[in-house]
Amino acid sequence: VFLQMQVPFPFSLLCLQAIKCKAAVLWEANKPFSIEEVEVAPPKAHEVRMKIVATGICRSDDHVITGALVMPFPIILGHEAAGVVESVGEGVTSVKPGDKVIPLFVPQCGKCSSCLNTKGNLCSKNDIGSAAGLMADGTSRFTCKGKTIHHFMGTSTFTEYTVVHESAVAKIDSAAPLEKVCLIGCGFSTGYGAALQTAKVEAGSTCAIFGLGGVGLSVVMGCKAAGAARIIGVDINSDKFAKAKELGATDCINPKDFKKPIHEVLMEMTGHGVDYSFEVIGRTETMTAALASCQYNYGVSVIVGVPPAAQKITFDPMLLFTGRTWKGSVFGGWKSKDAVPKLVADYMKKKFVLDPLITHTLPFTKINEGFDLLRTGK
């Protein structure tokens with residue numbers, strides 16, 4: 001989804017005023033987005049107002065629409081984007097107007113226990129768990145038709161302008177193509193890091209990836225970069241297989257082609273189960289199937305897909321007792337503010353590709369068509 005630049009450079013004192021612009025507002029669940037004129041307030045202390053140039057459509061956004069991920073309405077969704085800093089609030093030092101940036105749905109405050117621990121990345125300032133839909137001071141920067149509009153995961157990128165906290169934005173290479181590197185704001189980093197950072201896939205290992213959407217394909221790329229010898233893609237949409245193989249999958253299987261449970265199929269294919277499995281869908285049934293497909297003693301299974309709200313998992317504890325490891329991964333385990341500029345630099349050095357992950361480019365006003373493409377697996 002592309003938005004064309006409309007603000008002239010250099011910036012004027014108008015930066016300190018509210019901006020009126022277009023945004024895709026979701027007024028209630030299970031309804032289409034409504035393109036509205038919204039007012040975006042100036043950034044407060046330690047906040048950054050940015051113009052969104054390109055934003056990706058992610059399944060997590062759709063989870064809010066369907067109610068699988070509970071958030072307050074009305075809301076401006078979107079969390080995978082790239083843009084340009086328009087103005088900054090008092091005390092902001094890491095970015096300035098004109099900088100190319102990527103907003104971060106997992107911030108990095110640098111002070112909480114997760115930020116300070118070398119093994120952590122889920123900063124306590126995130127809005128994933130609380131789902132308050134507001135800035136740190138408990139207020140919103142968006143209004144529409146006299147009503148307060150909620151933020152989404154501290155980013156809200158389905159709008160021409162947004163406001164984020166300084167800890168939730170990373171300055172990137174000024175030469176980076178924003179319509180490509182916007183994917184580093186969520187999908188690519190989440191999948192690639194799940195393999196490299198969270199699972200720490202080893203050379204010569206065998207991996208299975210459940211779900212071959214954009215994030216799943218990024219897991220495939222991460223497993224290949226780690227030197228995995230066998231990478232098995234699992235999806236009920238066989239149309240996904242060609243691209244998965246292009247990006248590094250050695251085998252692709254469709255559970256619908258078998259009469260037995262998919263974990264049994266993987267056990268037979270590998271002789272003892274996979275070393276690493278990844279659930280990249282967000283379904284409890286596939287989470288347990290991915291766990292069961294691992295080698296019973298030292299296999300590692302990583303949950304990458306956002307779990308549905310109000311659903312519980314029931315599983316045989318013997319699956320874990322024998323030694324398997326079950327892990328979760330948010331944003332690929334990367335410390336966002338540190339990692340995103342480096343990932344963009346790696347992309348610029350052609351260490352990985354992003355083009356195969358982009359299936360369609362649409363004008364912002366066709367956002368509902370974009371979600372239709374997502375839901376139909378296209």
### Task
Considering (1) more than 23 Å from G146 (Cα to Cα); (2) of a type in the set (S, T, Y); (3) at pLDDT 95 or above, say which one T66 fails and leave the rest.
(3)
### Query
Of V340, V274, V344, V280, which residue is within 19 Å of the chain's Cα centre (by Cα), modelled with pLDDT of 95 or more, more than 25 Å from D99 (Cα to Cα) and open to solvent by less than 30 Å² (accessible area, probe 1.4 Å)?
V280
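Can you confirm whether V84 is under 19 Å from H46 (Cα atoms), in contact with a Gly (Cβ under 7 Å, 6 or more places away or on another chain) and at pLDDT 95 or above? First the steps, then the outcome.
On the way: under 19 Å from H46 (Cα atoms): yes; in contact with a Gly (Cβ under 7 Å, 6 or more places away or on another chain): yes; at pLDDT 95 or above: yes.
In short, yes.
Return the residues of the range 140-159 that are among the aliphatic types (A, V, I, L, M) and open to solvent by less than 10 Å² (accessible area, probe 1.4 Å); say none if nothing qualifies. Walk me through it before giving the result.
Going through the range 140-159, the residues among the aliphatic types (A, V, I, L, M) turn out to be 149, 153.
Matches in the range 140-159: I149 only.
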### Query
Among (1) at pLDDT 95 or above; (2) assigned by the TED database to the domain that holds A176; (3) surrounded by fewer than 20 Cβ atoms within 10 Å (Cβ to Cβ), where does I367 come up short?
(3)
### Summary
For F352, the lone unmet condition from (1) part of a loop (DSSP other than H, G, I, E, B); (2) more than 30 Å from G110 (Cβ to Cβ); (3) open to solvent by less than 50 Å² (accessible area, probe 1.4 Å); (4) not basic (K, R) is (2)
### Message
Can you pull out every residue in the range 319-337 that is in a helix (DSSP H, G or I) and under 20 Å from the mean Cα position of the chain (by Cα)?
### Response
F331, G332, G333, S336, K337
#### Entry: Odd one out for M71, checked against (1) in a loop (DSSP other than H, G, I, E, B); (2) open to solvent by less than 40 Å² (accessible area, probe 1.4 Å); (3) at pLDDT 95 or above; (4) closer than 30 Å to R375 by Cα
(3)
#### Entry: Residue that is least open to solvent (accessible area, probe 1.4 Å) [pool: residues in the range 243-258 that are in a helix (DSSP H, G or I) and charged (D, E, K, R)]
K243
### Task
Starting from residues that are at pLDDT 95 or above and part of a loop (DSSP other than H, G, I, E, B), keep the ones in the range 1-27 and report whichever is most open to solvent (accessible area, probe 1.4 Å).
W27
## Note on the structure
Residues in the range 223-250 that are without any contact (Cβ under 8 Å) to a residue 40 or more places away in the chain, farther than 27 Å from F315 by Cα and of a type outside the set (S, T, N, Q) total 9
### Query
Out of all the residues in the range 177-191, is one or more open to solvent by 30 Å² or more (accessible area, probe 1.4 Å), in a helix (DSSP H, G or I) and touching a Phe, Trp or Tyr at 6+ places or on another chain (Cβ under 7 Å)?
yes
### Query
Taking the stated definitions as given, is K259 under 25 Å from the mean Cα position of the chain (by Cα) and either modelled with pLDDT under 95 or farther than 27 Å from V330 by Cβ (or both)?
no
### Task
Please enumerate the residues belonging to the range 192-242 that are outside any helix (DSSP H, G or I) and not hydrophobic (A, V, I, L, M, F, W, C).
K200, E202, G204, S205, T206, G211, G213, G227, R230, G233, D235, N237
### Query
Taking the stated definitions as given, is I128 of a type outside the set (D, E), within 15 Å of the chain's Cα centre (by Cα) and surrounded by 22 or more Cβ atoms within 10 Å (Cβ to Cβ)?
no
### Message
Looking for something touching a helix residue (DSSP H, G or I) at 6+ places or on another chain (Cβ under 6 Å) and polar (S, T, N, Q) - is there at least one such residue anywhere in the range 244-263?
### Response
yes
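The values are calculated or read from the model by the stated rules, or taken from the named source; none is laboratory data. This structure is a prediction, so every number in the text was calculated from the model and none was measured. Don't worry about glycine lacking a Cβ; one is built from the backbone with ideal geometry, like all the others, and counts go over all protein chains shown. Only protein heavy atoms, including side chains, enter the accessible area calculation; ligands, DNA and RNA are left aside. Shrake-Rupley method; radii C 1.70, N 1.55, O 1.52, S 1.80 Å.
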